[in-house]
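Note sheet for the following structure.
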Ligand SMILES: NC(=O)c1ccc[n+]([C@@H]2O[C@H](COP(=O)([O-])OP(=O)(O)OC[C@H]3O[C@@H](n4cnc5c(N)ncnc54)[C@H](OP(=O)(O)O)[C@@H]3O)[C@@H](O)[C@H]2O)c1
């Protein structure tokens, strides 16, 4: 395993997504995947308080509930950092993110409390705002987050799926009030780049843009550390599975160019496409932590092996230059 840091705290350079655990991935498989991840040195796991409300019979808290149980059964405490998110749970059963709870002070306080209970912890390691809430002033959300930090209920704050201008507004608001700023950013990101003017198929997904990367670089140049966490890095299996076609937004000439170089580098290094993608992300500038979702131990093993794959600087540059 490789390691990196989130604001000084060491975590594995690969984060494991628990979105399907306890629902579409059955309990035995979910536990086997988590156990294997930890045995291989993995220390960073991701969930949310709404996973997976959209599957048949789903309530939205199956993943957190499963992780809480696993944590208790295995006696896992601080050695595994578990990140969760709030704000995207629908308020009307049977609907989607269009009726999300949002990021009001009341929701932030209530949802954080529910997550602490389900995960069986006094202090959440990392809490993200899952999606933008245009109806709540950012001051209200940041103030409520600050309250949680002040109470010791949350260690680290993050924002997911927010437009770059909102990140800047959140930073400015937090700093103006002497509050902890959100230092972890979570977006969809992979080696293949979508057209940013074409919508992604998954409701609520927001892709990291060149502007976001520029924001992170500029912040770091001013001494503000950020950690960028990249979800859906393997495009749900589309790099390797013929039955999982790339979605429409990837249908452009840059995809053809990038897949050609990806195959070249995979052949040179004796690795799979997925492994080269993960190795490219782990060598990314600005720094990126790939957040992989898997539905079997075999898929996890493929991802874990990527932590041993170091691309040469020339290979990394060649991959990056393809467009
Ligand atoms: N912040 C957000 O809005 C947001 C959004 C999405 C996800 N996330 C987080 O990011 C995590 C990862 O997201 P994700 O979309 O990658 O996970 P996911 O939705 O769980 O999908 C991953 C899927 O990719 C396929 N796959 C994984 N490894 C593979 C391999 N080695 N070979 C072939 N296929 C493979 C599997 O599909 P099959 O099961 O069909 O084999 C697997 O179920 C989630 O668990 C969640 O924690 C966050």
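For region 4-13, the set of residues classified as touching a residue at least 12 places away in the same chain (Cβ under 8 Å), out of contact with any helix residue (DSSP H, G or I) (no Cβ under 6 Å at 6 or more places or on another chain) and in a loop (DSSP other than H, G, I, E, B) consists of 7 only.
Per the conditions (1) within 16 Å of the ligand (Cβ to nearest atom); (2) in a loop (DSSP other than H, G, I, E, B); (3) within 26 Å of residue 47 (Cβ to Cβ), the sole criterion not satisfied by residue 306 is (2). Checking each residue in region 261-303 for being assigned to a helix (DSSP H, G or I), more than 10 Å from the ligand (Cβ to nearest atom) and in contact with a helix residue (DSSP H, G or I) (Cβ under 6 Å, 6 or more places away or on another chain) picks out 261, 262, 265, 266, 276, 279, 280, 297.
Residue-by-condition table, conditions (1) near the ligand (Cβ under 8 Å from one of its atoms); (2) buried (at least 22 other Cβ atoms within 10 Å of the Cβ):
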{"residue": "14", "(1), (2)": "no, yes"}
{"residue": "18", "(1), (2)": "yes, yes"}
{"residue": "26", "(1), (2)": "no, no"}
{"residue": "52", "(1), (2)": "no, no"}
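Considering only residues in region 218-237 that are within 19 Å of the chain's Cα centre (by Cα) and either more than 15 Å from the ligand (Cβ to nearest atom) or exposed (fewer than 13 other Cβ atoms within 10 Å of the Cβ) (or both), the one that is farthest from residue 252 (Cα to Cα) turns out to be 225. Take residue 253 and tell me if it is exposed (fewer than 15 other Cβ atoms within 10 Å of the Cβ) and modelled with pLDDT under 95. In short, no.
Residue 230 fulfils the conditions (1) in contact (Cβ under 8 Å) with a residue 40 or more places away in the chain; (2) in a helix (DSSP H, G or I) except for a single criterion, (2). Would you call residue 117 surrounded by fewer than 17 Cβ atoms within 10 Å (Cβ to Cβ), over 30 Å from residue 73 (Cβ atoms) and over 18 Å from the mean Cα position of the chain (by Cα)? No; evaluated as a whole, the condition is false for this residue.
Would you check if there is a residue in region 72-88 being in contact with a helix residue (DSSP H, G or I) (Cβ under 6 Å, 6 or more places away or on another chain), part of a helix (DSSP H, G or I) and in contact (Cβ under 8 Å) with a residue 24 or more places away in the chain? No - not one qualifying residue is present in region 72-88.
The values are calculated or read from the model by the stated rules, or taken from the named source; none is laboratory data. Predicted model only: the values in this text are computed from it and were never measured. Note that each Cβ is placed from the backbone with ideal geometry, even for glycine, and that neighbours are counted across all protein chains shown.
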